[in-house]
1. Return the pairs, sorted by first residue and then second, in which the second residue is of a type in the set (F, W, Y), the first residue lies in segment 300-323 and is assigned by TED's automatic domain parsing to the domain that holds T356, the beta carbons are less than 8 Å apart, and the residues are 6+ apart or on different chains.
2. Give me the pairs: first residue in segment 46-58 and without any contact (Cβ under 8 Å) to a residue 40 or more places away in the chain, second residue of a type in the set (F, W, Y), beta-carbon distance under 9 Å, and six or more apart or on different chains, which are they?
3. Could you list all residues from segment 276-299 that are free of Cβ contacts under 8 Å to residues at least 40 places away in the same chain, within 18 Å of H161 (Cα to Cα) and not in a loop (DSSP other than H, G, I, E, B)?
4. How about segment 83-97: which of its residues are at pLDDT 95 or above and either among the aliphatic types (A, V, I, L, M) or on the phi > 0 side of the Ramachandran plot (or both)?
5. Given the condition modelled with pLDDT of 95 or more, in a loop (DSSP other than H, G, I, E, B) and farther than 25 Å from E260 by Cα, answer yes or no: does some residue in segment 153-172 qualify?
6. Please pick out the residue among L243, L227 that is within 24 Å of the chain's Cα centre (by Cα) and assigned by TED's automatic domain parsing to the domain that holds E163.
7. Select from segment 109-137 the residues that are outside any loop (DSSP other than H, G, I, E, B) and surrounded by fewer than 16 Cβ atoms within 10 Å (Cβ to Cβ) and list them in ascending order.
Amino acid sequence: MNKKKPDLRNRINKDELKRRLAQEEIERVTVSFYKYVKIENPQELRDSLFIQWTQWNCFGRIYIAREGINAQMSVPQHNWESFVNKLYSDSRFKDVPFKIAVDGNGKSFYKLVIKVKEKIVADGIEDKMFDATNTGTYLNAKQFNEAIEQPDTIVVDMRNHYESEVGRFDKAFCPDADTFREELPLVVEHLKGQEDKKVIMYYTGGIRCEKASAYLKHKGFKDVNHLHGGIIKYAQEVKEQNLESKFRGINFVFDERIGERITDDVLSKCHQCGEPCDTHVNCKNDDCHLLFIQCQSCADKMQGCCTPKCQEIAALPIEEQKKLRKGRIKKGDESLSVYKSRLRPNLAELIKLQMTSTQSSD
């Protein structure tokens, strides 16, 4: 008789999980780490980690592939030592460097999700001659600052547009892209003809720069460097060593916090009214959840929604909202153009159009 395989997934709804997290009185550590290393059986590793980390009440989002691991986690402080020792006892992950969040808020995730992926970072690279291990030179915070101050240095932000919008390094080229796959060719094209110049790049925790630096070297760039540990580690070193922060604004993070403030500089504007603001929110219409920047005044006026249409839907009873979702997207329906979109709609213009349309129909 075959033994039934345990269901290694979370089965509790997110509202209940968030309620439990809010009531927790324990201290948590928000940590991120990654490592490119050969993993023969990603699914087996995934299942064993899920069992172990569930026992320790760890939360987070972890990707595992044959090329390595990429993790962002929330670990109970009282289980931290056990967590580290157990991970380091695996020779594949011995001494993997941890990036600890600077804001000290450990309530960054409310459940544990571990997924097996084709790659830990989707890159779109199909060149079989590309060697991902031939990476650029690591720079610490002090070295990165010194490099930025050199007049001919090229600074490249390897994050997505919505991340660089609210925070970035001085002089940085910020590709207008939604994904790493889109970003790589944009960066190569932007730097074309400058193969002999010093290039320094950065990412939130560093993982994209491992591949990006190797890819630039593969494309003939000679002096390629990247920030060791990314913005997270940089912020720690700046604080510990009393250095000037060349990074301004907020470091966007992919968890419940959305962002952690590095400096008081506000680099962006509210997408609805244009006032200085760098607060990212998700539209309160559960079937939209568009990520956008919204000031407190617009949040109050729009009730946390991106458009009047979403505001109208969010105000309906839950059952009515569920009915609307069945076939809500219809070809040519511009009023629903922001749903499920990663694009950046002009919310100010969209609000104006929807309000004009409503007034005309009255």
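1. Here the result reads C306/F292, each pair linking segment 300-323 to a residue that is of a type in the set (F, W, Y).
2. Q52/F83; W56/F83
3. Across segment 276-299, the qualifying residues are P276, V281, N282.
4. V84, L87 - these are the residues of segment 83-97 that are at pLDDT 95 or above and either among the aliphatic types (A, V, I, L, M) or on the phi > 0 side of the Ramachandran plot (or both).
5. For segment 153-172, residues modelled with pLDDT of 95 or more, in a loop (DSSP other than H, G, I, E, B) and farther than 25 Å from E260 by Cα: present.
6. Selected residue: L227, the only one of L243, L227 that is within 24 Å of the chain's Cα centre (by Cα) and assigned by TED's automatic domain parsing to the domain that holds E163.
7. V113, K115, T137
So that you can scan it fast, the table gives a plain yes or no per residue for (1) farther than 24 Å from I62 by Cβ; (2) of a type in the set (A, V, I, L, M); (3) buried (at least 21 other Cβ atoms within 10 Å of the Cβ):
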| residue | (1), (2), (3) |
| --- | --- |
| D196 | yes, no, no |
| V199 | yes, yes, yes |
| C209 | no, no, yes |
| G220 | yes, no, no |
| I231 | no, yes, yes |
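The values are calculated or read from the model by the stated rules, or taken from the named source; none is laboratory data. Everything quoted here is computed from the prediction, not taken from an experiment. FYI the Cβ positions are ideal-geometry reconstructions off the backbone, even for glycines, and counts take in every protein chain you see.
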